[in-house]
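In what follows, a structure is listed as structure tokens, so that the remarks can point back to it.
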Amino acid sequence: MPSCEERKEERRRREQEEAKAAELRRAALEEARERERERHRAEERLAAERDRQREFDEAERKQRERHERAVERVRRGLRVEREELRRRRAFDTEQRAIRGEEARKDLRHRLIEERAAASRGAERRQALGEQARATRREREQEQQRRQARDVTERTRRKAEAQESAGASAMRAEARETKRAEQSRTAARDRLKLERESQAREAQRREALAQEANERRERESADASRDRVRAERRRDLAAGAARTARRRQTDDAARKDRALDLARASRRDERKQEEQDREKRDARDAERRKGARELRRAEVRRPEPQAPRRAQREAPSRPSRESATPSPVFPTDEEFLALGLVGPPTAPLAPSALRVPRLMFEQMALALDAALNDGLEHGGLFGRTRLQPRALTVVPVSGQVHQIDYSDAIRANPALRLAGTFHTHLWELIVTDDPNRPGWAGGAHSDTDLLRLLEGQAHMSAVVAQTRSGGRKIFLALRPQRLEIPGGAALLVAGYRRRVLAAVEKGADPVDASERELARLGRGGDLVFYSGLDSPVLSLLLP
């Protein structure tokens, strides 16, 4: 039987062991609480890093939009300058045409005036010639009358000489009287001829004076016209000189503006590159810091040593799941490369994909927007020249079954298209209504697959709403080499027919389209992936 001292010693030993066990439990609880707090802090740091990354992406997008607006302003300025130059050239051409027309009008007017003057001179000369010929005819007629009178006089004298001497005196007196009368008649005729000659001479002098006056007037008009033409030529030369100077000044100003715009664009590009470099460095530093903090948070502290057991337990073997290696996902750049060029063949496609974080967030936002307004939302994704290594997503929206990517492609010519995505809300597929032949609900429709097979991009994704309200992502990948017997139209028509038949029998649109996509993937023409509420997509197997 133990003594009192031994019982006290045993009780003291038990109390010490209980205190030590309680201390170990408190230490373990404190350690668990510390690990929980560390995990919460790591999650908060990750959330803060995601917020910073989101802010950085938003700032980068705004900076890219500002750069695009600056480039658009430069292009708009160049278009305005080209339009102004074209308008000036058209104005100069019109002015030259007007000056040429005025010169032709002046030449025609001068020719008409010269022809009129020549016609008037010819008429005047003809009138003077007619007057001279009439004067000559009158003189000849007068000479003929004088000759006739002389002949008559000689005949009469001979007759008188043969008359008697008695009548001689009377005849002589009659002759004298007649001679005096004839002399008076001759004098009157000579006076008349002299007066007519003086009148004709006065008319001739008047015609000559009139011709001289007309000649002086014509010369004065020619001199005045020459002065007007000389002044006009001087004005045209001065205007051409002013136009040339203004054009030189405008060209110099336009060159200066172009140089300033080019310098500003280069400065903006350098500034953008520096900002991008700083942001990348800051992002890399934040990522390294977050990774270090995660590693520190994941490092397990040594567990407090429990009292040794009487029997040592055998170490447990690792499970088969832990021995299976985790899949290796392509990076974001490799994901983009798959969308831009595609895998060489279907067997060479990766067994699993991870959707980039930005694209996954845009898919989630698109489905939320579709649930709010009932429209079909989606987007384009690819890379640009300004960000050749980063993912760029352009949102697109439209009516159900009528979403169109062409406007977004034309509005973003610098985007190298890797693929498209859009939403499908859960609803039964219309099979008998001819007014709605499009797809509704489920995975890719026949139109989506045909657009993928005939388009430029190698990826097409659908964010489908499930019956329970969840989110399932389907991604189709087109290899570089395809051999489709009968053509793409026949392939997608058979796919549509089988899905519609399954839905008519009561199958869920999401499940029916997923089974038929897996069946198409078995043929080796396309590669299909799917994932439920996760950016990790696994290969669809039949």
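Taking the stretch 391-413 on its own, how many of its residues are among the hydrophobic types (A, V, I, L, M, F, W, C), free of Cβ contacts under 8 Å to residues at least 40 places away in the same chain and not in a strand (DSSP E or B)?
Within the stretch 391-413, the subset among the hydrophobic types (A, V, I, L, M, F, W, C) is 391, 393-394, 396, 400, 403, 408-409, 411.
When the remaining residues are screened for being free of Cβ contacts under 8 Å to residues at least 40 places away in the same chain, the result is 393-394, 396, 403, 408-409, 411.
From what is left, the residues that are not in a strand (DSSP E or B) are 403, 408-409, 411.
Count: 4.
Among residues of the stretch 414-428 being part of a loop (DSSP other than H, G, I, E, B) and touching an Asp or Glu at 6+ places or on another chain (Cβ under 9 Å), the one that is modelled with the lowest pLDDT is Trp426.
In this structure, is Arg73 surrounded by 11 or more Cβ atoms within 10 Å (Cβ to Cβ) and either touching a strand residue (DSSP E or B) at 6+ places or on another chain (Cβ under 7 Å) or under 30 Å from Pro388 (Cα atoms) (or both)? Spell out how you get there, then give the answer.
Working: surrounded by 11 or more Cβ atoms within 10 Å (Cβ to Cβ): yes; either touching a strand residue (DSSP E or B) at 6+ places or on another chain (Cβ under 7 Å) or under 30 Å from Pro388 (Cα atoms) (or both): yes.
Yes.
Can you tell me which residue in the stretch 170-195 is modelled with the lowest pLDDT, limited to those that are among the acidic types (Asp, Glu) and open to solvent by 60 Å² or more (accessible area, probe 1.4 Å)? Looking at the filtered set, the residue picked out is Glu173. Of all the criteria given as (1) over 19 Å from Thr243 (Cβ atoms); (2) open to solvent by less than 80 Å² (accessible area, probe 1.4 Å); (3) among the acidic types (Asp, Glu), the one not satisfied by Glu84 is (1). When the stretch 370-413 is limited to residues that are polar (S, T, N, Q) and more than 29 Å from Val499 (Cα to Cα), the one that is modelled with the highest pLDDT turns out to be Thr392. Taking the numbered list (1) of a type in the set (S, T, N, Q); (2) more than 25 Å from Gly469 (Cβ to Cβ); (3) under 27 Å from the mean Cα position of the chain (by Cα); (4) open to solvent by 30 Å² or more (accessible area, probe 1.4 Å) in turn, Gln402 passes all entries but (2).
Condition check ((1) open to solvent by 50 Å² or more (accessible area, probe 1.4 Å); (2) over 30 Å from Lys279 (Cα atoms); (3) part of a helix (DSSP H, G or I); (4) touching a strand residue (DSSP E or B) at 6+ places or on another chain (Cβ under 7 Å)) across all residues:
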{"residue": "Glu6", "(1), (2), (3), (4)": "yes, yes, yes, no"}
{"residue": "Lys20", "(1), (2), (3), (4)": "yes, yes, yes, no"}
{"residue": "Glu31", "(1), (2), (3), (4)": "no, yes, yes, no"}
{"residue": "Arg41", "(1), (2), (3), (4)": "yes, no, yes, no"}
{"residue": "Arg61", "(1), (2), (3), (4)": "yes, no, yes, no"}
{"residue": "Arg66", "(1), (2), (3), (4)": "yes, no, yes, no"}
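Quick one: which residue in Leu540, Leu449, Leu500 is crowded, with 21+ Cβ neighbours inside 10 Å and either at pLDDT 90 or above or under 21 Å from His401 (Cβ atoms) (or both)? Leu449 is the lone residue from the list that is crowded, with 21+ Cβ neighbours inside 10 Å and either at pLDDT 90 or above or under 21 Å from His401 (Cβ atoms) (or both). The C-beta contact set for the stretch 25-40 (first residue at negative phi, second residue acidic (Asp, Glu), distance under 8 angstrom, 6+ apart or interchain) comprises Ala28/Glu303; Glu31/Glu303.
Yes/no per residue for (1) outside any helix (DSSP H, G or I); (2) closer than 26 Å to Lys105 by Cα; (3) among the hydrophobic types (A, V, I, L, M, F, W, C):
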| position | (1), (2), (3) |
| --- | --- |
| Arg156 | no, no, no |
| Met170 | no, no, yes |
| Thr185 | no, no, no |
| Ala199 | no, no, yes |
| Glu211 | no, no, no |
| Arg215 | no, yes, no |
| Asp226 | no, yes, no |
| Ala230 | no, yes, yes |
| Leu236 | no, yes, yes |
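Sort out which residues of the stretch 213-267 are among the polar types (S, T, N, Q) and open to solvent by less than 50 Å² (accessible area, probe 1.4 Å), and write them in order of number. Reasoning before the result, please.
Taking the stretch 213-267 as the starting set, the residues that turn out to be among the polar types (S, T, N, Q) are 213, 220, 224, 243, 248-249, 265.
Across the stretch 213-267, the qualifying residues are Ser224, Thr243, Ser265.
The values are calculated or read from the model by the stated rules, or taken from the named source; none is laboratory data. Every value quoted in this text rests on a predicted model; they were computed, and no experiment measured them. Cβ coordinates were reconstructed from backbone atoms using ideal geometry, including for glycine residues, and neighbour counts include every protein chain displayed. In case anyone asks, the SASA skips ligands and DNA or RNA and just uses the protein heavy atoms, side chains included. Shrake-Rupley method; radii C 1.70, N 1.55, O 1.52, S 1.80 Å.
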